[in-house]
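Take a look at the structure below.
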Amino acid sequence: MIYIDTSVFVALCTKEQKSDDVAKWYTNSSAKMFSSTWAFTEFSSALSLKVRTSQITEKQSREAWKRFDALCQNDIELLPIESKAYYSAGILVVDSKSNLRAGDALHLAVAKQLKSKSLATLDKVLAKNASNLKIQAVLI
């Protein structure tokens, strides 16, 4: 079982510098993949930011959303977040040395709560913090 960070979804569903690497990793992975329902909100935010900064068009955003929805319907299970995960994320993010942002701390807290053995991400800070929590970081 591997927890998937939203950065992986964004690279799979839009064209980014790491998209080819992520697609290759995704295609070759045989692990059961999951994430949290937070990925819906965070993915939507990423698409909106890309549109506002003219990285993608509205049409490309809608197409990316369709790809993301297909991933969630077919390959990746999105699990609900238990309320104690928010507390755990707060504990992680309050440590300024962690350099974690709130959304990444929430992903990490959920992965830990679900006893994930590994976490796939493009984010070096998240990967480092996952390793600190004894979750194998798969930095793509």
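The values are calculated or read from the model by the stated rules, or taken from the named source; none is laboratory data. Bear in mind the structure is a predicted one, so any value in this text is a computation, not a measurement. For neighbour counting, all protein chains shown are included, and Cβ atoms are generated from backbone atoms with ideal geometry for every residue, glycine included.
Laid out as a table, the results:
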item	result
Checking LYS24 against (1) surrounded by fewer than 16 Cβ atoms within 10 Å (Cβ to Cβ); (2) touching a strand residue (DSSP E or B) at 6+ places or on another chain (Cβ under 7 Å); (3) not acidic (Asp, Glu), the condition it does not meet	(2)
Some residue of the range 105-116 being surrounded by fewer than 15 Cβ atoms within 10 Å (Cβ to Cβ), in a helix (DSSP H, G or I) and out of contact with any Leu (no Cβ under 6 Å at 6 or more places or on another chain)	no
Residue in the range 128-137 that is out of contact with any His (no Cβ under 6 Å at 6 or more places or on another chain) and within 22 Å of SER45 (Cα to Cα) present	no
Close pairs (6 angstrom Cβ cut-off, 6 or more residues apart or separate chains): among the acidic types (Asp, Glu) in the range 103-128, part of a helix (DSSP H, G or I) anywhere	ASP104/LEU126; ASP123/SER7
Out of ALA111, ALA70, sole residue that is modelled with pLDDT of 95 or more, among the hydrophobic types (A, V, I, L, M, F, W, C) and under 22 Å from LEU139 (Cα atoms)	ALA111
Count - residues of the range 34-52 that are surrounded by fewer than 17 Cβ atoms within 10 Å (Cβ to Cβ) and either touching a residue at least 60 places away in the same chain (Cβ under 8 Å) or not in a helix (DSSP H, G or I) (or both)	1
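Per-residue answers, yes or no, for (1) without any contact (Cβ under 8 Å) to a residue 60 or more places away in the chain; (2) under 18 Å from ILE135 (Cβ atoms); (3) in a loop (DSSP other than H, G, I, E, B):
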residue: SER7; (1), (2), (3): no, yes, no
residue: GLN17; (1), (2), (3): yes, no, yes
residue: VAL22; (1), (2), (3): no, no, no
residue: SER54; (1), (2), (3): yes, no, yes
residue: PHE68; (1), (2), (3): yes, no, no
residue: GLU77; (1), (2), (3): yes, yes, no
